[in-house]
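The values are calculated or read from the model by the stated rules, or taken from the named source; none is laboratory data. Bear in mind the structure is a predicted one, so any value in this text is a computation, not a measurement. Every residue, glycine as well, gets a Cβ built from its backbone with ideal geometry; the counts of neighbours run over all protein chains shown.
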Amino acid sequence: MAITKLNTYQPLTEQSATALAIGLRIFEDGTLLTCEEIGDGNLNLVFRVLERETGKGIIIKQALPYAKVVGESWPLTIERARIEASALKLQRSFVGDLVPEVYYSDPTLAITVMEDLSALTIARAGLIKGEKYPRLSHDVGTFLANTLYFTSDYALHPFKKKEYVKEFSNPELCKITEDLVFTDPFFNSETNEFEEELSRDVQHLWDDFTLKLEVAKLKKSFLTEGEALLHGDLHTGSIFVDQNQTKVIDPEFAFYGPIGFDIGQFIANLIFQAASKTDEGETILYHIENTWNVFSTAFSRHWKESGDAYTKVNGYLEYVLEKSFQDSIGFAGCECIRRTIGLAHVEDLDAIPDKERRLQAKRTCLTLGKELIIKRKQIHSIEELLSVIKFHFE
Ligand code: SR1
Ligand code: MG
């Protein structure tokens, strides 16, 4: 593929992104193209290049050498672009169209050129508007089962697994999660942000040493258990949807970690929806239940179809599933708390227009988050988890 090759990194502009698209020859020679920077995430530039006549488009995502959400005072390497492109390609080999197709990637320029998904909606935005996505939990459950099983030691030759562990070593983005999910919200840290009215609730949380010990155990799992290749940031802003399809995007936080992490982050982001709505709770609870059921059924099927000598030992699969389930409850609890009082909030809660209702929803996320972390080992089934969640929304 002939391209306009830039040999050194420089942030793209709408002009240079268009030149790159022309060089890639994805479009017919001479077609008129338009380009717009549409990135609204925390870290990267995202350009959409469109062929004017047909509306056919591509996305060019480029990592910036700093965290866009804070600015140049928070430097980051552009290594995450290589991780993201590699993760998308590997995930696609296990889940097909549940992730976008990558047309081209260049680690020097830190770009990934991929399928344009702008006909779909970001799940968080659609759910906030009250849209229903019947396939969402089925597709995310399948994504989780396939990516987590087929990148784990349960499926891979040990040499291949260790190659992937090296390829997906992602210390900088892991550090963001270690700080923003597992540490800062539980201490009086400068990165935290919350309404004055929540100060007493937050102080109560910071004074809770039982909670801190359980979060320390969860952080230890995140730091030390390289079980499977995680997406690493599986919130509803990382998922495009419509009525018929689901696409999981943005795996720049991918690394080898504990299976329960992705599941827990997704569940927590559904919980924000339940917390923000006065109706439709049942649909969200259904998605939580279905995600786990689809995940555990497909993961068990893969396990029974392959695996080593130990995967045939009675009780081992059940042990792995129960550990992942209880970890995911704890990780969901951490996500509930950090998105409420930490650095990166969610629209589901922040955009609740009525102040009292907003504060109430946030308090619920804090108390529910705490209960999920502390009681995770006493919750043995998805039905029990739903009862705990429902109790907080009654
Ligand atoms: C500085 S990045 C803040 C958050 O945005 C990403 O999507 C991750 O969730 C991260 O924690
Ligand atoms: Mg992202």
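Reported count of residues in the stretch 230-254, each being surrounded by fewer than 24 Cβ atoms within 10 Å (Cβ to Cβ) and more than 13 Å from ligand 2 (Cβ to nearest atom), is 6.
May I ask you to verify whether residue 279 is in contact with an Asp or Glu (Cβ under 8 Å, 6 or more places away or on another chain), closer than 28 Å to residue 358 by Cα and in a loop (DSSP other than H, G, I, E, B)? So residue 279 does not fit the description; no. Just so you know, in the stretch 373-382 the residues that are within 24 Å of the chain's Cα centre (by Cα) and part of a helix (DSSP H, G or I) include one that is nearest to residue 357 (Cα to Cα), and it is 373.
When the stretch 282-323 is filtered for residues that are of a type in the set (S, T, N, Q) and either part of a helix (DSSP H, G or I) or surrounded by fewer than 12 Cβ atoms within 10 Å (Cβ to Cβ) (or both), the ones remaining, listed by number, are 283, 290, 291, 293, 296, 297, 300, 311, 314. Assess whether residue 81 counts as being closer than 28 Å to residue 152 by Cα and either of a type in the set (A, V, I, L, M, F, W, C) or in a loop (DSSP other than H, G, I, E, B) (or both). When the stated conditions are applied, residue 81 passes them.
Scanning the stretch 239-255 for residues that are of a type in the set (S, T, N, Q) and within 15 Å of residue 101 (Cα to Cα) yields 245, 246.
This table checks each residue for (1) at negative phi; (2) in contact with a helix residue (DSSP H, G or I) (Cβ under 8 Å, 6 or more places away or on another chain); (3) assigned to a helix (DSSP H, G or I).
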residue: 142; (1), (2), (3): yes, yes, yes
residue: 148; (1), (2), (3): yes, yes, yes
residue: 159; (1), (2), (3): yes, no, yes
residue: 179; (1), (2), (3): yes, no, yes
residue: 193; (1), (2), (3): yes, yes, no
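Figure legend. Inter-residue proximity from the stretch 230-244: first residues under 20 Å from residue 170 (Cβ atoms), second residues within 9 Å of ligand 2 (Cβ to nearest atom) and modelled with pLDDT of 95 or more, beta-carbon distance below 6 Å, spacing 6+ or different chains. Indicated pairs: 231/251; 232/253; 233/253; 238/249; 238/250. Taking the listed residues 361, 309, the one that is free of Cβ contacts under 8 Å to residues at least 60 places away in the same chain and of a type in the set (A, V, I, L, M) is 309, with no other qualifying.
Within this structure, residue 57 fails the test of being farther than 27 Å from residue 235 by Cβ, of a type in the set (Gly, Ala, Ser), out of contact with any helix residue (DSSP H, G or I) (no Cβ under 9 Å at 6 or more places or on another chain) and in contact (Cβ under 8 Å) with a residue 12 or more places away in the chain. Just the residues that are under 15 Å from residue 179 (Cα atoms), part of a helix (DSSP H, G or I) and within 16 Å of ligand 2 (Cβ to nearest atom), please, taken from the stretch 337-363. Passing the criteria: 338, 339.
Could you please find all residues in the stretch 181-191 being away from ligand 1 (no atom under 11 Å from the Cβ) and in a loop (DSSP other than H, G, I, E, B)? Once the filter is applied, which keeps residues that are away from ligand 1 (no atom under 11 Å from the Cβ) and in a loop (DSSP other than H, G, I, E, B), the stretch 181-191 yields 187, 188, 189, 190.
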